[in-house]
Amino acid sequence: MIYLDNSATTKPYKDVLDTFVTVSEKYFANPSSLHSKGGEAEKLLGQARKSIAQLLEVAPSEVIFTSGGTEGNNIAIKGIAFQHQNRGKHLITTSVEHASSFESFQYLESKGFEVTYLPVNHEGLISIEDLERAIRPDTILVSIIHVNNETGTIQPIEQIGKMLKQHRKIFFHVDNVQGVGKIDLPLKEWGIDLCTISAHKIHGLKGNGVLFVKNGVSLSSLFTGGEQELKKRAGTENVAGIVAMAKALRLILQEMQDKKKDLLTIKQFMLEELKKIESVEVNTPEHHSAPHIINFSVQGIKPEVLIHSLDKRDVYVSTRSACSSKQGGASRILIEMGLGEQRASTAIRMSTSYENTMAEAKRALEILKEEIINFKKVMR
């Protein structure tokens, strides 16, 4: 099996699975319970929070546990909007956000908020100048995805953060679901107020995530009915999943130090090989892109047909974000990049992890070439 759909989800590390099973068996009590077993679970939860805070170089009180990226983005965007709407109802984001953010802003528009969607160039990058021009006296939030989930484009978060430091009353949220463990993101240094992370993108388990909320940032809770997570997210915590997530984060950050060059080498090889294939157009920019995501289009072949043919040969890729992969039609992200309906309708995404090898990359490209040639023969 050659698994190249790591941006959709990653295979959990064995140590992560072992941790989850151990904690589930030994520390199954509700961490809010007053008895000693509840206290043990609460202590373990606190240790995981402290560990994740150290890894992210933030305070434990700034770590809020969620069910994943979608919930984290919803809490950050809607929570800031509703909490601070008396000060302003103008929000800024980009036209290439993940659906969980993009649709949150559309929802807020239906509630009377005004949203500016920043355009992107052909590489999927926003302009800092466009952002500066969009800021108004009633702007309360800027929310930007760090690494695009379809193309891998990296937005200029550092420059945005520095610019927003001149606008102290505007909150800055970053969706870092695809970036964590692949691209550095110094939260405090770059002036980020809220940041979203998902466990299952870093070899943790589905159903767990982190929302960094800078101390002093107030937001309206979307869930009521409990005082968990500093009253920002009611609901019994998934202690086993959270402890496993802390381990996954530590392991992937170590791998980023040790193996990032290998990941880049594999990506560069795949890009060069794709460029050699007739009828293939690469959509991921050569510069300003993450080391693990490659997006390309194959003229004249429906992506779902090509995906199924690769599947039969044990190569697993996807069309776009897993949240939108079954919708069909053109990619909103590629349309916004100005690549046209045809390329946006025939796009494929390959996404690697530190577990992938160069031998797998070579074999996957060989199989892809063979399948494209076979389709072209049939279509003549």
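Which of the three applies to segment 15-158, rounded, prolate or oblate, going by the alpha-carbon gyration tensor with a ≥ b ≥ c and a/c under 1.5 meaning rounded?
prolate
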Measure of exposure for Thr22: accessible area at 1.4 Å probe, Å² rounded to 10, is 60 Å²
Rounded to the nearest whole Å², what accessible area per residue is found for the chain with the 1.4 Å probe? 44 Å²
Net charge dipole size for segment 19-144 [Lys, Arg +1 and Asp, Glu -1 on Cβ; Debye, nearest 20]: 540 debye
Determine the dipole magnitude for segment 189-233: charges of +1 sit on the beta-carbon of Lys and Arg, -1 on that of Asp and Glu, nothing else is charged, the reference point is the Cα centre, and the result goes in debye to the nearest 20. 160 debye
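Distance cut-off 20 Å, Cα to Cα: go down the list Lys14/Lys206; Lys162/Lys259; Lys169/Lys231 and report the pairs above it.
Details: Lys14/Lys206 15 Å; Lys162/Lys259 30 Å; Lys169/Lys231 23 Å.
In this structure, Lys162/Lys259; Lys169/Lys231 exceed 20 Å between Cα atoms.
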Looking at (i) 40, 31, 17; (ii) 35, 27, 17; (iii) 42, 22, 20, which value of semi-axes √(5λ) of the Cα gyration tensor in Å comes from a calculation on the structure shown? (ii)
Would segment 328-380 count as rounded, prolate or oblate if I go by the C-alpha gyration tensor, calling it rounded below 1.5 in a/c and otherwise prolate when a/b exceeds b/c, oblate otherwise? oblate
Would you work out which of Phe28, Thr9, Ile52 lies farthest towards the positive end of the dipole of segment 1-64, given +1 charges on the beta-carbon of Lys and Arg and -1 on that of Asp and Glu, about the Cα centre? Phe28
When the helices in the chain are scored as -39500 (n - 2.57) per DSSP H run of 4 or longer and the sum is shared across all residues, what 222 nm value do you end up with, to the nearest 500 deg cm²/dmol? -13500 deg cm²/dmol
Which longest uninterrupted range of the chain lacks any GluC sites (Glu not before Pro) assigned by DSSP to a loop state (not H, G, I, E or B) and surrounded by at most 12 other Cβ atoms within 10 Å? 58-188
Cα-based shape type of segment 1-83, given that a ≥ b ≥ c are square roots of the gyration tensor eigenvalues and the cut on a/c is 1.5: oblate
Averaged over all viewing directions, the convex hull of the alpha carbons in segment 194-246 casts a projected area in nm² of 3.9 nm²
Once Lys and Arg get +1 and Asp and Glu get -1 on their Cβ, which of Tyr354, Met270, Val213 lies farthest toward the positive end of the dipole of the chain? Val213
In nm, to one decimal, how far is the Phe223 label point from the Met1 one, both placed 7 Å along Cα→Cβ? 3.0 nm
Suppose every Lys and Arg Cβ carries +1 and every Asp and Glu Cβ carries -1, with no other charges. What dipole size does the chain come out with about its Cα centre, to the nearest 20 debye? 320 debye
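The values are calculated or read from the model by the stated rules, or taken from the named source; none is laboratory data. Predicted model, so just to flag it, every value in this text is computed and none were measured. Every residue, glycine among them, receives a Cβ derived from its backbone with ideal geometry; neighbour counts consider all protein chains shown. Areas reflect the complete protein model, heavy atoms only, side chains present, ligands, DNA and RNA absent. Shrake-Rupley method; radii C 1.70, N 1.55, O 1.52, S 1.80 Å.
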